[in-house]
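Taking it in order: structure first as structure tokens, then the write-up.
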Amino acid sequence: MAKEVAHHESSVSQSSRYTPPTPKEFYESPMWVPVLMLVFIGLGVVAIVLRYVIPAFSDTNTPVLIGLGFLLAGLYTATKWH
């Protein structure tokens, strides 16, 4: 029968090499990421509202589609914010 390995033991030996700590910039997003997210969401809301405010857009749904595109871009950017 095979020898059972205890839970605290490992078949991989620990390395004696020094691993430097991960820099803070790796964990934090640059400041432009949340700003870009808010700009995209704001543009999406403005585009959708303009469809209902400006009488020239009353026959088309193009501003709504553009607004939804901006909102989706804002949501995608939000997933990249750390």
Query raised in the report: Does any residue of segment 61-82 turn out to be modelled with pLDDT under 85 and under 13 Å from the mean Cα position of the chain (by Cα)?
Result: yes
Requested in this report: Please work out which residue is modelled with the highest pLDDT, limiting yourself to segment 25-55 and to residues that are exposed (fewer than 10 other Cβ atoms within 10 Å of the Cβ) and either in contact with a Lys or Arg (Cβ under 7 Å, 6 or more places away or on another chain) or under 14 Å from residue 81 (Cα atoms) (or both).
Outcome: 31
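The values are calculated or read from the model by the stated rules, or taken from the named source; none is laboratory data. Quantities reported herein were computed from a predicted structural model and do not represent experimental measurements. Neighbour counts run over all protein chains shown; Cβ positions are idealised from the backbone, glycine included.
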